[in-house]
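Below you'll find the structure, written out as structure tokens, and then a few comments.
Bear in mind that the values in this text are calculations on the coordinates, not laboratory data. Worth saying up front: this structure is predicted, and the values here are computed from it rather than measured. Here the Cβ is made from the backbone with ideal geometry for all residues, glycine too, and neighbour counts use every protein chain on show.
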Amino acid sequence: MPFPSRPRRSMLYMPASNARALEKARTIPADGLIFDLEDAVAPDAKPAARAAAVAAVQSKAYGKREVMIRANGLDTPWGRDDVTAIAVSGADGVVLPKVNDADDVRIAADVLKAAGAPDTLAIWAMMETPRGILNAREIAQSSPRLAGFCVGTADLAKDLHCAHPPDRAPMLMALQTCILTARAYGLYVLDGVHVDLDDEAGYAAACRQGRALGFDGKTLIHPK
């Protein structure tokens, strides 16, 4: 793999628009942090969140943990500016939401290159649409910058019009497609979030299932 192997058991999304969350993230014992500019940030707060995320990364206050920033999609009014800012932020990676095909990754890679991003800045593709799952093989071969997949189970279930039960049975084919493709092409792959914060037993079961399936780790939406 072109990008280093490291513990990615817990990769915590933190809203970049929340200064307290960015401060708290300094002490949370997650393996990695993903400062979020997309789902967790209201439209009118996105430019300020972008600046806050970049400043947080540049503060180097998060120790040896992997730190990434999730951009808005390049088809949104904020996406290109997000990726351009992330390029020279010092982040370990940029997380691209709703990747549908290889061109989505290639365009982002071109924006990063034009903005002066170092070769060490990785791209992580969020696999959370039916088109993305069906195009997993092409996405996996899209760019040398691609380090791995992040599965977005909540959005995937919504687009599939399927239930999202604790055992995630309606999505198992999609999950296994991402794992199979990642292993075939030397990528890392992270499991989706568990959205019910009060369901500790279900969360533990989902973690055990993710490990059994072969995921490298799990994305999280709350320090709890």
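Points to keep in mind about this one:
- DSSP-loop trypsin sites (Lys or Arg not before Pro) across region 9-50, with at most 16 other Cβ within 10 angstrom: Arg9, Arg26
- Filter on Lys98/Lys158; Lys158/Lys224; Lys46/Lys98; Lys24/Lys64; Lys158/Lys218; Lys24/Lys46 - keep pairs with C-alpha separation over 22 Å: Lys158/Lys224
- Placing unit charges on the Cβ atoms only, positive for Lys and Arg and negative for Asp and Glu, gives the chain a dipole magnitude near 700 debye about its Cα centre.
- Candidates Ala49, Ala174, Ala61: whichever shows maximal mean-square fluctuation once the chain is modelled as a Gaussian network with Cα springs under 10 Å: Ala61
- Listed candidates (i) 1.45; (ii) 0.94; (iii) 1.04 - label of the one calculated as Cα Rg over 2.2 N^0.38 Å: (ii)
- Residue order, fewest to most surrounding Cβ atoms within 10 angstrom, among Thr27, Thr76: Thr27, Thr76
- Taking the number of Cβ atoms within 10 Å of each Cβ as an exposure proxy, the fewest-first ranking of His161, His222, His194 is His161, His222, His194.
- Lys/Arg +1, Asp/Glu -1 at C-beta; the chain dipole; positive extreme among Ala45, Trp124, Gln58: Gln58
- Neighbour-count ranking [beta-carbon atoms within 10 angstrom, fewest first] of Ser59, Ser17: Ser59, Ser17
- Report summary: the helix-based calculation at 222 nm, which adds -39500 (n - 2.57) for every DSSP H run with n ≥ 4 and divides by the residues of the chain, gives -11000 deg cm²/dmol.
- For region 70-116 and region 1-53, distance of Cα centres in Å: 15
- Selection of trypsin sites (Lys or Arg not before Pro), region 86-143, meeting DSSP coil and at most 10 other Cβ within 10 Å: none
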